[in-house]
Amino acid sequence: MNVCSQTMDASLAATTQVTWRDYFQMTKPTITLLVVVTVFPGILLASPTGIPHMTLVLASLIGTWLASSSAAVFNHLVDADLDRNMVRTNKRPVASGRVNTRNAAIFGTVLGVVSIVILYQWTTPVAAGLALLANAFYVLFYTMYLKRRTVQNIVIGGAAGAVGPLIGWASVDPSIGWPAWMLFLVICLWTPPHFWALAIKYKDDYAAAGVPMMPVVRGEAYTRRQMFWYTVAIVPVIASLTVFGAAGWLYFVCAMGFTLYFVWMAWRLMKSGDNKLAMPLFHYSCLYLFGVFGALMADRLLLAL
């Protein structure tokens, strides 16, 4: 970080009051919650004889929450220059100067170290290693490289946010089974339509910041078609857990219903060409993961009774 940027951060911070809300905002709580929600089904799928000891469950959930929060803080830190050029993000704590770069780096580092210690000590080294690898991939590869250089940024970078089920499974069993990989794939396929819906809404913002998001580079019509096909690709992955015996019919009926509605929303956006339908799809996509993974949790818990 150069002297000029540090001086600017200091002068901006001096004119504003930093609160705990600024630090909480840097953890991207909504995204972090989505990641944590995907951990518990992985734990349940890896535990066919019942729910593991509560210490392991809590350590897995808390460790993943802190790891995801750490990655989010470093995303705020690294992307501050881009955020300042976007109307949607220019009031973020680091971009606006309310939190200086030094404090953000310390905060993100502490969260990351504590997360790895918790996962290593109370779950398994594999779970801790996955969390560390996901954070490194998200910060170093996605945020610092992919996001700024390729239209496929979110397609590849989405893998970092999909590790929740793998961490959950690895917390119980270091040899990760295929059902966890199917849940990983669900999130990977979900990420592009979820994020591109937002990118359509804020296309001008991304263009102003020089971020090569799909709607900016390939156009909105192409993006809408890609979103539809990604939602269609989720269908067989959702079905595979029941078809091959990892989940029951409660999961299948609920998760398939949620998925088909997701497909329908993407189809409607594609066929109508009306970008006003992008944000309703974005908001539904946030609820979608809660629905699918919640259905899987309910299914597994009923089988355990």
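Odds and ends about this structure:
- Within the range 272-289, the set of residues being out of contact with any Phe, Trp or Tyr (no Cβ under 9 Å at 6 or more places or on another chain) and either closer than 12 Å to residue 227 by Cβ or in contact (Cβ under 8 Å) with a residue 40 or more places away in the chain (or both) comprises 273, 275, 277, 279, 286.
- Subset of the range 45-76 that is surrounded by 24 or more Cβ atoms within 10 Å (Cβ to Cβ) and closer than 14 Å to residue 170 by Cα - its residue that is nearest to the chain's Cα centre (by Cα): 64
- There is at least one residue in the range 56-70 that is out of contact with any strand residue (DSSP E or B) (no Cβ under 6 Å at 6 or more places or on another chain), farther than 28 Å from residue 300 by Cβ and in a helix (DSSP H, G or I).
- The one condition in (1) over 22 Å from residue 44 (Cα atoms); (2) in contact with a Phe, Trp or Tyr (Cβ under 7 Å, 6 or more places away or on another chain) that residue 221 fails to fulfil: (2)
- Meets criteria (among the hydroxyl-bearing types (Ser, Thr, Tyr), farther than 20 Å from residue 26 by Cβ and part of a helix (DSSP H, G or I)) for residue 120: yes
- In the set 180, 134, 162, only one residue is in contact with a Pro (Cβ under 8 Å, 6 or more places away or on another chain) and modelled with pLDDT of 95 or more; that residue is 180.
- Within the range 236-277, being more than 17 Å from residue 194 (Cα to Cα), within 24 Å of the chain's Cα centre (by Cα) and of a type in the set (Phe, Trp, Tyr) holds for 251, 252.
- Scanning the range 266-281 for residues that are surrounded by 13 or more Cβ atoms within 10 Å (Cβ to Cβ) and within 17 Å of residue 215 (Cβ to Cβ) gives 266, 269, 270, 275, 277, 278, 279, 280, 281.
- Scanning the range 134-156 for residues being under 20 Å from residue 64 (Cα atoms) and either free of Cβ contacts under 8 Å to residues at least 24 places away in the same chain or among the basic types (Lys, Arg) (or both) gives a total of 5.
- Each residue in the range 204-262 was checked for being on the phi > 0 side of the Ramachandran plot and either among the basic types (Lys, Arg) or in contact (Cβ under 8 Å) with a residue 60 or more places away in the chain (or both), and 1 pass.
- Filter pass, residue 123 being hydroxyl-bearing (Ser, Thr, Tyr), buried (at least 21 other Cβ atoms within 10 Å of the Cβ) and within 20 Å of residue 169 (Cα to Cα): yes
The values are calculated or read from the model by the stated rules, or taken from the named source; none is laboratory data. Here the structure is a predicted model, which is why all the values come from computation and not from measurement. FYI the Cβ positions are ideal-geometry reconstructions off the backbone, even for glycines, and counts take in every protein chain you see.
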